[in-house]
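Some notes on the structure that comes next.
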């Protein structure tokens, strides 16, 4: 009986406490600059306009109709799960970018292009 309890205790210690998660680290605009340049700028453009060669390629982060008017939760959902809209479809980045990289990219976009 004692062996079972020690084994169960050891399993719980090794697995960590269920339901306990460390709080998410806030996004870093500095790290996000690398993520944005690598994964986002080809569509959203370096200037955040989403326009290339006179054609809308992706959602804009500038101007009164900017996507930045939406909450972080909505924008992180779009990054994670993708988004389909009038312009076309953005692929989901879950499985490509970590949760932290997604938060970093959003922090960069907010710091660089601001909120309308």
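Residue by residue, here is whether (1) modelled with pLDDT under 95; (2) surrounded by 11 or more Cβ atoms within 10 Å (Cβ to Cβ); (3) more than 17 Å from residue 75 (Cβ to Cβ) holds:
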position	(1), (2), (3)
2	yes, no, yes
16	yes, no, yes
26	yes, no, no
36	no, yes, no
39	no, yes, no
44	no, yes, no
47	no, yes, yes
Problem set entry | Residues of the stretch 94-116 that turn out to be under 19 Å from residue 46 (Cα atoms) and either assigned to a loop (DSSP other than H, G, I, E, B) or free of Cβ contacts under 8 Å to residues at least 24 places away in the same chain (or both), as a count | 3
For this session: Answer yes if at least one residue in the stretch 73-87 is touching a strand residue (DSSP E or B) at 6+ places or on another chain (Cβ under 7 Å) and modelled with pLDDT under 95, and no otherwise.
Result: yes
Problem set entry | Complete set of residues in the stretch 41-84 that are in contact (Cβ under 8 Å) with a residue 12 or more places away in the chain and within 19 Å of residue 99 (Cβ to Cβ) | 72, 75, 76, 78, 79, 80, 81, 83
Seminar exercise, completed: Filtering the stretch 52-93 down to residues that are in a helix (DSSP H, G or I) and within 20 Å of residue 35 (Cβ to Cβ) yields 67, 68, 72, 73, 74, 75, 76, 77, 78, 79, 80, 81
Problem set entry | Selection status of residue 105, within 17 Å of residue 31 (Cβ to Cβ) and either touching a strand residue (DSSP E or B) at 6+ places or on another chain (Cβ under 9 Å) or at pLDDT below 95 (or both) | yes
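The values are calculated or read from the model by the stated rules, or taken from the named source; none is laboratory data. As the structure is a computational prediction, the values presented were derived from the model and not from experiment. Glycine gets a Cβ as well: all are built from the backbone with ideal geometry, and neighbour counts include every protein chain shown.
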